[in-house]
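The values are calculated or read from the model by the stated rules, or taken from the named source; none is laboratory data. Given the structure is predicted, the values throughout are model-derived calculations rather than measurements. Here the Cβ is made from the backbone with ideal geometry for all residues, glycine too, and neighbour counts use every protein chain on show. Side chains are part of the model used for accessible areas, which takes the heavy atoms of the whole protein and leaves out ligands, DNA and RNA. Shrake-Rupley method; radii C 1.70, N 1.55, O 1.52, S 1.80 Å.
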Amino acid sequence: MDWLDKISQFWPHLVAGFDLLAAVLASCHALLHKRDSRAATLWIGIVWLLPLFGPILYLVLGVNRIRRRAVSLGVHQTVSRAVPDDLGEPQPDGAEHLKMLARVVGRVVERPLTPGNKIQPLVNGDAAFPAMLAAIDSAKKSISFASYIFDNDPSGMQFIAALRRAIEERGVEVRVLVDAAGTRYSFPPITWKLHHAKIPFARFLPSSLLQPWRVATINLRNHRKILVVDGQIAFTGGMNIRHGNILGRSSRGDEALTEKSEIRNPKSEIDLSLLTSAATKKNAVQDLHFRVEGPVVTRLQEAFVNDWAFTTGEILDGEKWFPELKESGNVIARVITDGPDADFDKLRWTLLAALAEAQTSVQIVTPYFLPDIALIAALNLTALRGVRVDIILPAKNNLPPVHWASRSLWWQVLQRGCHLWLTPPPFDHSKLMIVDGHWVFLGSANWDARSLRLNFELNVECYGREFADEMELVIQRKLHAAHEVTLAEVDARTIPGKLRDALARLFSPFL
């Protein structure tokens, strides 16, 4: 027992030595890898002020583990397909200046623009879910399906049933990828149903306290939403698979509103009556999704295939997954993937480039508005150049701390001339950006650090006046019932409220 006595005698020194070594290593990593000096300073303070717990916290939340694994595994080189060299640029039509935006984004993402696409907006689950289910029911060869949240609820079970029919009745190859954290939004999780239905599925980056080697990835989530059927028809946007996305038609006189000339477009395929709803059910959520046809579908499929290969090691290839696609419309588009790996910061650079090139108008719809100092400066500079900047947020957020943190930033954009609007309930989860009535940016990403630095996201940039006009209808409809926030309102808030919001803002990188 002498060795036990020695250990008990020296264990405080061993723990202190381990803590010192861990603190030194964590501090060195923060100094070498943190791009923001303030973040490095904060993490170093946490590491040294919280013995043992500080280095562990840095390992879990501060180290970008996925970037190294993705590069070493070559995940982003798993699938690479040749594309024509001459894919064209945005057509003049008053948007010549956006050619520079196209070039800048091309250099950032290292992907070409793809012409000949058709993109159809789908409002709420009322329009999106039937269209997606119909596409699944029409599948003959393959279905690839990725979602952040896939709930075990009536809507989720409709998708389970459709996927099961595709496998059992038509022999369709199906792959379903759900983020591991997203499966926890309902119980029992949808993975139980997928397993029982014998639908091939995988969880993206599962983590558990019982598996400490996976704790380092607990803060890195796959937020992408992708459905590709037979490699020919795709759906993407910001909508999760949840029954709360089905709101039902409005009963508040919306028919009269659609008669107003400023929001009428005879070419639009959008059901405007779905954009405002009298829905009163709990957890009701407004959202936008998009049906995509044309050559850009290949890029959406590539994004899924790379995520699937990263998660399972299986590489999906061949005509079944990647058929030859023909032009289907007049939208020029490009898929932009972003994440804490080789794609890091691509969405942020795209947003900065779009703001820099804007000449007349910028319209932003996002549920979570927590931009960093560079994006705030870019928004303000855009407004100071005389560009109309409208930022549209939900008046009531599903995450109160995010709303508090966001509100503490509002004065910074209002002070320089940006316009900020709050839309009434139900909560609006839509993500959309339009520049100069020609460039549309849609997808899964929010204007916050989680989307732009931690999550795996997927957006699509689109060039085309007609499609932009159609999406402006959506924004005009939202603005019709919205309240414009003034700087005087923000300044008039109580001191306790301002302090609470400012405190929440300190945690904005983790909200």
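Go through the range 220-234 residue by residue and tally those that are in a strand (DSSP E or B) and within 23 Å of residue 452 (Cβ to Cβ).
Result for the range 220-234: 2.
For residues in the range 456-511 being farther than 30 Å from residue 116 by Cβ and part of a strand (DSSP E or B), which is least open to solvent (accessible area, probe 1.4 Å)?
My answer is 485.
Out of all the residues in the range 270-313, which are assigned to a loop (DSSP other than H, G, I, E, B), at pLDDT below 95 and within 30 Å of residue 109 (Cα to Cα)?
Once the filter is applied, which keeps residues that are assigned to a loop (DSSP other than H, G, I, E, B), at pLDDT below 95 and within 30 Å of residue 109 (Cα to Cα), the range 270-313 yields only 313.
Going by what's in this entry, would residue 375 be described as buried (at least 21 other Cβ atoms within 10 Å of the Cβ) and closer than 30 Å to residue 115 by Cβ?
no
Anything in the range 378-398 that is free of Cβ contacts under 8 Å to residues at least 40 places away in the same chain, more than 25 Å from residue 496 (Cβ to Cβ) and buried (at least 16 other Cβ atoms within 10 Å of the Cβ)? List them, or say none.
Passing the criteria: 378, 379, 380, 382, 383, 387, 389, 391.
Among the residues of the range 399-413, which ones are open to solvent by 40 Å² or more (accessible area, probe 1.4 Å) and in contact (Cβ under 8 Å) with a residue 12 or more places away in the chain?
399, 401, 404, 407, 411, 412
Pairs under 7 Å by beta carbon, first residue in contact (Cβ under 8 Å) with a residue 60 or more places away in the chain in the range 414-432, partner of a type in the set (Asp, Glu) and open to solvent by less than 40 Å² (accessible area, probe 1.4 Å), six or more apart or different chains?
419/390; 421/390; 429/287; 430/287
Assuming residue 451 fulfils every condition listed in (1) in a helix (DSSP H, G or I); (2) under 24 Å from residue 499 (Cβ atoms) apart from one, which condition is it?
(2)
Taking into account only those residues within the range 436-448 that are assigned to a strand (DSSP E or B) and within 10 Å of the chain's Cα centre (by Cα), which is surrounded by the fewest Cβ atoms within 10 Å (Cβ to Cβ)?
Among residues in the range 436-448 that are assigned to a strand (DSSP E or B) and within 10 Å of the chain's Cα centre (by Cα), the one surrounded by the fewest Cβ atoms within 10 Å (Cβ to Cβ) is 447.
Within the range 422-435, track down each residue that is within 30 Å of residue 357 (Cβ to Cβ), buried (at least 21 other Cβ atoms within 10 Å of the Cβ) and not small (Gly, Ala, Ser).
Selection gives 423, 428, 429, 431, 432, 433, 434, 435.
Test of understanding: among 133, 122, 113, which residue is crowded, with 19+ Cβ neighbours inside 10 Å, within 16 Å of residue 227 (Cβ to Cβ) and aliphatic (A, V, I, L, M)?
Result of the check over 133, 122, 113: 122.
Answer yes if at least one residue in the range 108-121 is outside any strand (DSSP E or B), touching a helix residue (DSSP H, G or I) at 6+ places or on another chain (Cβ under 6 Å) and at pLDDT below 65, and no otherwise.
Taking every residue of the range 108-121 in turn, none turns out to be outside any strand (DSSP E or B), touching a helix residue (DSSP H, G or I) at 6+ places or on another chain (Cβ under 6 Å) and at pLDDT below 65.
Need the failing condition index for residue 220 against (1) at pLDDT 95 or above; (2) within 21 Å of residue 398 (Cα to Cα); (3) among the hydrophobic types (A, V, I, L, M, F, W, C), just the number.
(1) is the only condition that residue 220 fails.
Pull out all pairs, ordered by first then second residue, where Cβ-Cβ is under 6 Å, the residues are six or more apart or on different chains, the first lies in the range 343-364 and is more than 16 Å from residue 457 (Cβ to Cβ), and the second is among the basic types (Lys, Arg).
361/388
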